[in-house]
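See structure below.
The values are calculated or read from the model by the stated rules, or taken from the named source; none is laboratory data. Since the model is a prediction, treat every value here as computed from it, not as a measurement. Virtual Cβ from ideal backbone geometry, glycine too; neighbours counted across all protein chains shown.
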């Protein structure tokens with residue numbers, strides 16, 4: 001791992017210039033690990049997410065998810081005593097200050113002694129509302145539960161991940177969006193307004209420019225839209241304007257569900273929003289906001 005590699009290099013360079021024991025893993029490295037790796041020397045790197053992080057407005061108790069993290073510090077995670085999950089709420093009709101939602105101590109870590117230990121946090125809508133002193137009636141579509149992870153070792157408690165550490169899976173902040181899940185997909189015209197700040201069309205996470213925003217209906221029909229790329233041919237009818245354009249998707253009546261998916265923005269140039277049949281914005285992705293590979297949490301509460 002990175003700490004062992006750094007340690008080996010330092011020990012080799014230091015031969016003949018200083019006396020330092022490299023014999024035990026628990027000894028402090030003669031470098032500023034904090035500056036090289038992560039603020040505070042302890043962080044949680046996400047391994048997986050089980051379930052959707054969305055919160056169902058009409059039935060919050062049915063919304064559950066969990067996240068599993070690898071616990072990392074200069075001592076291979078062995079010095080980490082706990083991971084804490086804090087949550088606050090930002091809504092149209094109510095707000096709630098940050099509270100401690102869950103604590104997982106080292107006694108409950110998995111994989112202990114076989115590499116970096118792992119911790120799993122679990123969230124459900126019912127206990128989330130209870131922790132925030134909120135009721136389902138106070139939730140509106142598009143409201144957000146905002147989470148912050150804190151990791152504690154013998155040097156202190158740390159939430160911020162160093163800018164020097166490029167692994168984005170170590171981001172200690174994420175959120176849940178309040179959505180409505182209707183018994184069918186609202187029929188009508190959906191307008192997708194698309195932009196590319198560089199003006200060379202959409203180039204998404206595969207780097208080819210060949211993937212757009214897709215809408216997959218429960219009957220198997222798939223719509224795909226995007227801005228054309230001048231260098232790469234795409235397998236769908238894209239909007240032939242490299243900087244901005246709009247497309248319309250029509251969902252017929254009687255469709256049980258529609259899943260929206262965007263593969264991600266490689267260069268941070270793409271922005272778009274989706275306007276539902278009622279004329280309201282059901283999803284908005286500002287420039288560079290969607291790093292990609294995710295099903296979109298569209299807000300159908302007003303449709």
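The table for this structure:
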read-out	value
Residue match in the range 67-87 (condition: under 17 Å from residue 145 (Cα atoms) and either free of Cβ contacts under 8 Å to residues at least 24 places away in the same chain or in a loop (DSSP other than H, G, I, E, B) (or both))	no
The range 147-161: number of residues that are assigned to a strand (DSSP E or B) and within 16 Å of the chain's Cα centre (by Cα)	3
Selected residue [closer than 28 Å to residue 136 by Cβ and over 18 Å from the mean Cα position of the chain (by Cα)] from 98, 84	98
Residue count for the range 236-262, restricted to those that are surrounded by fewer than 19 Cβ atoms within 10 Å (Cβ to Cβ) and either in contact with a strand residue (DSSP E or B) (Cβ under 8 Å, 6 or more places away or on another chain) or part of a strand (DSSP E or B) (or both)	13
Any hit, the range 152-165, residues being surrounded by 13 or more Cβ atoms within 10 Å (Cβ to Cβ), touching a residue at least 24 places away in the same chain (Cβ under 8 Å) and closer than 25 Å to residue 60 by Cβ	no
Some residue of the range 270-278 being at pLDDT 90 or above, within 27 Å of the chain's Cα centre (by Cα) and surrounded by fewer than 19 Cβ atoms within 10 Å (Cβ to Cβ)	yes
Residue match in the range 287-294 (condition: modelled with pLDDT of 85 or more and in a loop (DSSP other than H, G, I, E, B))	no
Tally of residues being surrounded by fewer than 22 Cβ atoms within 10 Å (Cβ to Cβ) and either modelled with pLDDT of 90 or more or in contact with a helix residue (DSSP H, G or I) (Cβ under 9 Å, 6 or more places away or on another chain) (or both) across the range 201-214	1
Filter result (crowded, with 18+ Cβ neighbours inside 10 Å, assigned to a loop (DSSP other than H, G, I, E, B) and at pLDDT 90 or above) within the range 171-199	185, 186
